1. Would you mind listing the strands (runs of 3 or more DSSP E) fully within the range 17-93 where at least 3 residues are of a type in the set (G, A, S), within 13 Å of the chain's Cα centre (by Cα) and modelled with pLDDT under 95?
2. Pull up the range 32-64, narrow it to residues that are touching a residue at least 40 places away in the same chain (Cβ under 8 Å) and polar (S, T, N, Q), then point me to the one that is surrounded by the fewest Cβ atoms within 10 Å (Cβ to Cβ).
3. Tell me, which residue of the range 65-118 that is open to solvent by 60 Å² or more (accessible area, probe 1.4 Å) and in contact with a Leu (Cβ under 9 Å, 6 or more places away or on another chain) is nearest to P36 (Cα to Cα)?
Amino acid sequence: MAHLANEINEASSNAGLDRRNDGIALTEYNVVYNHPPYINYKWSSHRRSPEKFTVWLRNVKTQEHYKAEATVWTRDGHGRVKTTSLPRKTGEYQLVLTKYNSYNDEYARSSPFWIYSGDF
């Protein structure tokens, strides 16, 4: 089954950027169903935000995290990750932005999106 070239999703963030939060907010992401699929994403930050963070792909069903990008510099404001970190597992995933190398300390995550067997 052919997929649409682009699927745009609204980002849902669990990080509000106010004076009490030193995090990063996911503002937009776009899943591009290519071979392999990739995800363009944007975030917002402020002067108290960390210098760098890590991006993961999280399987919604199993809660397993796969490191998509080890080091992302906050000042850039946008990035792209490929789904090649996934071990050919189909399912529902989320893009997760976390404290550097710590998937338990989330800044923000996307709403769920699907990776299909034909995407690999």
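1. Of the strands (runs of 3 or more DSSP E) lying wholly inside the range 17-93, none has at least 3 residues that are of a type in the set (G, A, S), within 13 Å of the chain's Cα centre (by Cα) and modelled with pLDDT under 95.
2. Checked the range 32-64; the qualifying residue surrounded by the fewest Cβ atoms within 10 Å (Cβ to Cβ) is N40.
3. Among them, the one singled out is K67.
The values are calculated or read from the model by the stated rules, or taken from the named source; none is laboratory data. A quick note: this is a predicted structure, and the numbers were derived from the prediction, not measured. So basically every Cβ, Gly included, is an ideal-geometry build from the backbone, and we count neighbours across all protein chains shown. Remember, those area values only see protein heavy atoms, side chains included, never the ligands or the DNA or RNA. Shrake-Rupley method; radii C 1.70, N 1.55, O 1.52, S 1.80 Å.
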